[in-house]
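Undergrad: Okay, handing you the structure first.
What follows is calculated from the coordinates using simple rules that are stated; it is not laboratory data. Only a predicted model underlies this, so the values are computations on that prediction, with no experimental measurement involved. We place every Cβ from the backbone using ideal geometry, glycine too, and count neighbours over all the protein chains shown.
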């Protein structure tokens, strides 16, 4: 009689997880794997949420952690556990935990970055939020600037001016009539300003799609 999954050593457990999904060992092995490492993975995810100040954005941290954990499991199971098959040494508990932490961290960072982008792109999912905390506003602004600079092309020869314009219009809700009073925008017509905002919005939307 084969040993129960709960009592399996790590290598045997991983080997059962990458067996034929129709085998009884596969289902029991995945249940054991999840039960054995769930608390550890959640600790990694909560730490990442804390580092990213996710509570300050008004989101429920527990719900966010649950979403990230679900995505984490999808990555592990995808393509019949291909990512588990890539493990060279399967009998090292410390190395396996580091492996799980790496996947959890990457999944969390991708998810949280997407969440932050949604908070600065209210038109995408009608989730407009007020950024009242200066640290949060600065963090959002940094993420926005990074994305817009990375996507800059030959037409963006005034990239810094345009980023400032986009920030004032989309984050600070600057009235259109107030923009010409700003020394940077006195010579900019309405058509140019609208073009900058539209172009950058599309760039952010593209970045969001790539993160999904």
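Undergrad: Using only alpha carbon pairs under 8 Å that are at least six residues apart, calculate the relative contact order of the stretch 5-120 and give it in whole percent.
TA: In percent, rounded to a whole number, it is 32.
Undergrad: Hey, what's the per residue convex hull volume over the C-alpha atoms of the stretch 5-120, in cubic angstrom?
TA: Convex hull volume per residue, Cα atoms: 100 Å³.
Undergrad: A follow-up question, please. Using the basic label-point model (7 angstrom from Cα toward the beta carbon), what is the residue 67 to residue 22 distance in nanometres?
TA: Between residue 67 and residue 22, the label points sit 3.7 nm apart.
Undergrad: Only counting other Cβ atoms within 10 Å, I'd like 40, 63 sorted with the fewest neighbours first.
TA: 63, 40
Undergrad: Among 64-76, 84-96, how do they line up by average Cβ neighbours within 10 Å per residue, starting with the highest?
TA: Per-residue Cβ counts within 10 Å, averaged per peptide and sorted highest first, yield 64-76, 84-96.
Undergrad: While we're here: Using Cβ contacts closer than 10 Å as the measure, can you line up 50, 37 from fewest to most?
TA: 50, 37
Undergrad: Take 197, 41 and order them by how many other Cβ atoms sit within 10 Å, fewest up front.
TA: Least crowded to most crowded, the residues run 197, 41.
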